[in-house]
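Asker: I have a structure here, written as structure tokens, and I will follow up with some questions on it.
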Amino acid sequence: MFNLSTQEVVLSIEKSPLKIVRGTIYQEYPNFFGNHYELDLGKKENFEKLENQTQLNRVKLSKNSEVMKKLTVFFMNTNITKALEKKFDTKLKFDSVDVWIDSKGYKLAPHVDDPRIKLHLQVYLSSDNEGTSLYDSTGELLYTFPFKLNYGYALYNGVYSHHGVEEIEEDGRTSLYVRYQ
């Protein structure tokens, strides 16, 4: 089942304040998709290893799955892009979307995303696991987003946007990751 509301997502973006902590610019969304959404990711066999991360405990939903096709169209929506542009005061263009499942042992050291990406948006699709953390340029932990179902954040990519994931202790850390150029 696929039932997402662009109106709910735009409201989440509009209502959430922009935060700046030691140069890191982001928003948090405690209820990103609103209260009445459905997103069935399909069968386990629809997931595959990431090309550049085959040694890591992460799989992604195949781009050929119906859900991925729908998510791509959903996040290309002009209303969502314009709400993010207005909030972050920058021009954006949709780049891509992934759905990831991380297993026990997965971790990602603090890093800054590829400079072609201006902003990323991550929404958690499961609960009770490790949230993404923000760090300063020396590696000092600044903040960890709560890992809760339907909780999300947007992070502006720049020299101060170091983020990563501490080692996952439980299988099934599921999230949606959207990139904008």
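The values are calculated or read from the model by the stated rules, or taken from the named source; none is laboratory data. What you see is a predicted model, and the numbers here were worked out from it, not measured in a lab. Ideal geometry is used to build each Cβ from the backbone, glycine not excepted, and the neighbour counts take in all protein chains shown.
Asker: Can you find a residue that is of a type in the set (S, T, N, Q), over 22 Å from E14 (Cβ atoms) and modelled with pLDDT of 95 or more anywhere in segment 103-116? Spell out the reasoning first.
Answerer: To start, the set of residues in segment 103-116 that are of a type in the set (S, T, N, Q) comprises 103.
Keeping just the survivors that are over 22 Å from E14 (Cβ atoms) gives 103.
Remaining after also requiring modelled with pLDDT of 95 or more: none.
No.
Asker: Whether any residue in segment 86-95 is over 22 Å from N31 (Cβ atoms), at pLDDT below 95 and in contact with a strand residue (DSSP E or B) (Cβ under 8 Å, 6 or more places away or on another chain) is what I want to check. Reasoning before the result, please.
Answerer: Start the filter on segment 86-95 by keeping residues that are over 22 Å from N31 (Cβ atoms), which leaves 89-95.
Adding the requirement that they be at pLDDT below 95 leaves none.
No, every residue in segment 86-95 fails to be over 22 Å from N31 (Cβ atoms), at pLDDT below 95 and in contact with a strand residue (DSSP E or B) (Cβ under 8 Å, 6 or more places away or on another chain).
Asker: Do we find that K87 is out of contact with any Phe, Trp or Tyr (no Cβ under 8 Å at 6 or more places or on another chain) and free of Cβ contacts under 8 Å to residues at least 12 places away in the same chain in this structure? Write out each step before concluding.
Answerer: Values: out of contact with any Phe, Trp or Tyr (no Cβ under 8 Å at 6 or more places or on another chain): yes; free of Cβ contacts under 8 Å to residues at least 12 places away in the same chain: no.
So K87 fails the test.
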